[in-house]
Amino acid sequence: MSMRIVFSGGKRVDALYKGFTIRTDQPENVGGANSAPSPFDLFLASLGTCAGYYVLAFCQRKSLPTDEITLTLSAVRDEASHGITRIEIHIALPSDFPMDYVDACARAAEQCAVKSHLKDALRVEISARRGQPRAESEHP
C-alpha cells in the first residue's frame, strides 16, 4: 500500500490514494481555513466507520434492518496531558432490535481492522444497547 501526500496550500495536506483525494486542513485557531477535517479527525472517523462497517455487515448477513442503528464515537482525553486515553464507541440499536443480537453487534464491531492495529497503543471500548442511546451521545 502506498499513498502520495501533497501540500495543497495554506495548512492543507492531502492524500492521493486509489484515485481519491483525501483532503485535510487545520482549524482556524492554528492557521488553517477549516475547509476539511483535520488528520486526527480522519483518524477517529476511520475507526468509527470501520466499526460501523462490521456492524452493518453483521446485520446484513442476519437480514436485520440497519436504518435506525447509529454509532457514536467519543474520545476521552486526559486533562493533564491532553492526550486521548481511550475511545468509546457506542452502538445505539432500536428498541425492537432482537435481544439475541445486541452483544453480537458489539462483537462484530470488535473485529474492526483499524481497532486491531491500535490494540496495544490505545484502549478502544465498544458497547451496544437497545432503545435510547446514552444522554451524552451526539446525533446528527
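The values are calculated or read from the model by the stated rules, or taken from the named source; none is laboratory data. From a predicted model like this one, the values you see are computed outputs, not experimental measurements. Counting neighbours? That spans all protein chains shown, and the Cβs are built from the backbone with ideal geometry, glycine included.
Determine, yes or no, whether residue 108 is in contact with a Pro (Cβ under 6 Å, 6 or more places away or on another chain) and either modelled with pLDDT of 95 or more or surrounded by fewer than 11 Cβ atoms within 10 Å (Cβ to Cβ) (or both).
Numbers: in contact with a Pro (Cβ under 6 Å, 6 or more places away or on another chain): no; either modelled with pLDDT of 95 or more or surrounded by fewer than 11 Cβ atoms within 10 Å (Cβ to Cβ) (or both): yes.
Judged against the criteria, residue 108 is not a match.
Taking residue 43 as meeting all but one of (1) more than 17 Å from the chain's Cα centre (by Cα); (2) at pLDDT below 95; (3) closer than 24 Å to residue 3 by Cα, write down the number of the exception.
Every listed condition holds for residue 43 apart from (1).
Hey, can you tell me all the residues within segment 12-58 that are of a type in the set (Lys, Arg) and either touching a Lys or Arg at 6+ places or on another chain (Cβ under 8 Å) or closer than 24 Å to residue 75 by Cα (or both)?
Step one: of segment 12-58, the residues of a type in the set (Lys, Arg) are 12, 18, 23.
Passing the criteria: 12, 23.
Give the residue that is farthest from residue 45 (Cα to Cα), with candidates limited to residues of segment 90-124 that are outside any strand (DSSP E or B) and small (Gly, Ala, Ser). Don't jump to the end; show me each part of the working.
First, the residues of segment 90-124 that are outside any strand (DSSP E or B): 94-122.
From the residues that got through so far, the ones that are small (Gly, Ala, Ser) too are 95, 104, 106, 108-109, 113, 116, 121.
Numbers: 95: 26, 104: 22, 106: 18, 108: 18, 109: 14, 113: 13, 116: 15, 121: 17 Å.
Filtering segment 90-124 for residues that are outside any strand (DSSP E or B) and small (Gly, Ala, Ser), the one farthest from residue 45 (Cα to Cα) comes out as 95.
Matching residues to (1) at negative phi; (2) assigned by TED's automatic domain parsing to the domain that holds residue 15; (3) surrounded by 17 or more Cβ atoms within 10 Å (Cβ to Cβ):
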| residue | (1), (2), (3) |
| --- | --- |
| 54 | yes, no, yes |
| 58 | yes, no, yes |
| 68 | yes, no, no |
| 82 | no, no, no |
| 86 | yes, no, no |
| 89 | yes, no, yes |
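State yes or no: is residue 103 loosely packed, with under 13 Cβ neighbours inside 10 Å and charged (D, E, K, R)?
Values: loosely packed, with under 13 Cβ neighbours inside 10 Å: yes; charged (D, E, K, R): yes.
Criteria met by residue 103.
Mind checking which pairs have a first residue in segment 117-137 that is over 20 Å from residue 92 (Cα atoms) and a second that is modelled with pLDDT under 80 and in a strand (DSSP E or B), Cβ under 9 Å, 6 or more apart or different chains?
Cβ pairs passing all conditions: 118/124.
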